[in-house]
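Reading through the structure tokens given below for one structure.
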Amino acid sequence: MKRAASILQRAANFLKHATIAVSALATLPSASAANNDPVVLVHGFLGFGPNELQGTGMLYWGGFNDVAAHMRIYNGSHQVMAAAVGPVSSNWDRAVELYYQIKGGCADYGAARTAKYAAFGKIQKPAGKCWAADPNNNPNKYPLALYPKWDANNPIHLVTHSQGGQTARTLIQLLENGSPDGNEGDGALYTGGKIGWVKSTTTISTPHDGTTLADVIVDYVPQVSELIGRFVEVANLGGSSNPVYNFKLEQYGLAQGPAENFRDFLDRVKGHPFFSLSNKDAAQWDLRPDGARELNAWVKTSPNVYYYSIANKATETGSFCCNNTDRIIAPFQSSRYQYARNDMIFFGKPTAGEWVVPSIFKRGMGSYTQSDPSRVIIDSKWFANDGVVNTISMKSPAGQPVRNYDGSSVRGTWNYLGHYDQYDHMDVVGWLLPSWSVYPIYNHIMGILYDL
């Protein structure tokens with residue numbers, strides 16, 4: 001009963017608190033839409049594709065709902081596909097995988113890029129990481145590419161969540177401008193000049209400027225390699241013929257060999273340099289504010305693409321009582337800081353507030369600051385968050401053009417659609433919520449995209 005009341009309250013409060021313009025909220029796809037270009041959904045950090053977690057009924061896009069299926073039939077018939085890229089990989093690697101997964105072919109991570117990270121075990125063209133463009137010519141039985149005819153005459157919309165937004169931006173930069181590091185070999189992605197291939201990109205809860213959660217976790221649990229190794233053992237990174245979850249790190253040799261027993265595979269994985277904090281070719285770097293700043297230095301807003309962003313927040317300003325926060329993990333509160341709401345998803349609560357729970361005097365996202373001038377300055381503007389990403393980081397990359405969406409779209413700038421109050425990081429993709437409180441988010445997005 002308490003959970004249902006909370007859901008109803010959040011749904012009601014959307015109209016009250018969201019900063020989306022009234023005219024924008026009223027936008028619906030018309031019967032004679034301007035386009036019906038395919039939509040590709042791109043998941044975030046630790047995300048998974050529609051064919052993973054089989055047997056659980058759980059989808060990344062929707063939880064026990066199905067956002068993609070809803071989008072396919074909402075106000076017409078549409079082509080909507082969900083991608084599956086490396087859950088802990090860098091945005092470069094994820095962009096490479098997204099390109100070949102949509103277009104078809106075998107992943108090529110680039111000659112210069114591979115050389116740069118060779119010390120960590122990077123492989124330019126790992127065997128078998130391929131997608132078939134032609135179902136009638138697929139002797140190796142690779143997964144089928146999502147949209148092989150993708151080009152400037154057949155563009156797509158990218159709709160993304162969390163790190164997926166960084167990944168989409170990186171893909172657009174590579175499509176249009178190629179690599180910033182020089183000769184990457186003969187990979188089709190690195191030739192540049194692919195203007196018009198992406199019509200629009202929508203980012204939901206994306207850490208455009210990074211998330212302080214990454215810094216908080218590194219401060220609290222510095223032995224990331226050991227932690228990931230434990231996770232690998234439970235999740236089965238690439239081991240058996242039917243893993244529950246797959247990290248897709250073949251480009252680092254992190255796949256079980258055909259003659260390698262699982263125990264030897266685990267021993268090799270646990271000590272692999274990919275998981276080192278010094279490796280900047282991984283999500284753990286791109287998601288930190290300093291890593292995001294480095295990414296934003298070369299990944300720019302394209303003048304050829306429509307960009308949209310959505311933010312959300314699931315914390316409240318501290319008070320003596322009665323602010324709907326979790327008083328078990330934060331019984332004493334300061335009005336200077338932010339605290340996790342009762343209805344925030346359980347795994348976001350321990351790090352969202354003033355302190356990391358159950359640590360002693362380790363700052364959480366709701367109070368974490370950083371004043372070293374050689375790094376990104378973190379102040380009180382960063383305190384509000386959704387349990388995973390700081391709300392301020394979701395609007396647009398710092399220093400790149402942005403405007404509030406007013407019912408009209410401007411290409412080459414970020415059209416900010418506003419924020420959803422009392423929605424945590426996974427609420428916005430439908431986890432643990434009923435469909436009627438989630439699908440309207442995507443109805444609104446589709447109404448804008450199909451009108452371009």
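For TYR60, the requirement of being under 27 Å from VAL389 (Cβ atoms), over 20 Å from the mean Cα position of the chain (by Cα) and not basic (Lys, Arg) is not met.
The condition of being assigned to a loop (DSSP other than H, G, I, E, B), in contact (Cβ under 8 Å) with a residue 24 or more places away in the chain, open to solvent by 30 Å² or more (accessible area, probe 1.4 Å) and farther than 23 Å from VAL428 by Cβ holds for only one of ASP134, ASP108, that being ASP134. Is it the case that some residue within region 72-79 is touching a Lys or Arg at 6+ places or on another chain (Cβ under 6 Å), surrounded by 21 or more Cβ atoms within 10 Å (Cβ to Cβ), not basic (Lys, Arg) and not in a helix (DSSP H, G or I)? The answer is no, given that none of the residues of region 72-79 is touching a Lys or Arg at 6+ places or on another chain (Cβ under 6 Å), surrounded by 21 or more Cβ atoms within 10 Å (Cβ to Cβ), not basic (Lys, Arg) and not in a helix (DSSP H, G or I). A residue that is at pLDDT 65 or above and open to solvent by 10 Å² or more (accessible area, probe 1.4 Å) can be found somewhere in region 38-47.
Yes/no per residue for (1) basic (Lys, Arg); (2) in a loop (DSSP other than H, G, I, E, B); (3) in contact with a Phe, Trp or Tyr (Cβ under 7 Å, 6 or more places away or on another chain); (4) open to solvent by 20 Å² or more (accessible area, probe 1.4 Å):
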| site | (1), (2), (3), (4) |
| --- | --- |
| VAL85 | no, yes, no, no |
| ASP93 | no, no, yes, no |
| ALA115 | no, no, no, yes |
| LYS125 | yes, yes, no, yes |
| GLY128 | no, yes, no, yes |
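Return yes or no: is ASN153 modelled with pLDDT of 95 or more and more than 16 Å from ARG94 (Cβ to Cβ)? So ASN153 passes the test. Residues in region 125-160 that are touching a His at 6+ places or on another chain (Cβ under 9 Å) and of a type outside the set (S, T, N, Q): 0 in all. Looking across region 238-264, the residues that are under 13 Å from GLY128 (Cα atoms), out of contact with any Phe, Trp or Tyr (no Cβ under 7 Å at 6 or more places or on another chain) and modelled with pLDDT of 75 or more come down to LYS248, GLU250, GLY253, ALA255.
Condition first: among the acidic types (Asp, Glu), modelled with pLDDT of 95 or more and touching a Leu at 6+ places or on another chain (Cβ under 9 Å). Can you find one or more residues in region 281-296 that meet it? Yes, there is a match, as at least one residue in region 281-296 is among the acidic types (Asp, Glu), modelled with pLDDT of 95 or more and touching a Leu at 6+ places or on another chain (Cβ under 9 Å). Restricting the search to strands (runs of 3 or more DSSP E) fully inside region 264-383 and requiring at least 1 residues that are farther than 29 Å from ALA168 by Cβ and open to solvent by 20 Å² or more (accessible area, probe 1.4 Å) gives 315-317.
For region 422-447, filtering for residues that are part of a loop (DSSP other than H, G, I, E, B), hydrophobic (A, V, I, L, M, F, W, C) and surrounded by fewer than 21 Cβ atoms within 10 Å (Cβ to Cβ) leaves 2.
The values are calculated or read from the model by the stated rules, or taken from the named source; none is laboratory data. From a predicted model like this one, the values you see are computed outputs, not experimental measurements. A quick note on method: Cβ atoms are made from the backbone with ideal geometry, for glycine too, and the neighbour counts reach across all protein chains shown. Each accessible area value is taken on the protein alone, full model and side chains, heavy atoms only, with ligands, DNA and RNA left out. Shrake-Rupley method; radii C 1.70, N 1.55, O 1.52, S 1.80 Å.
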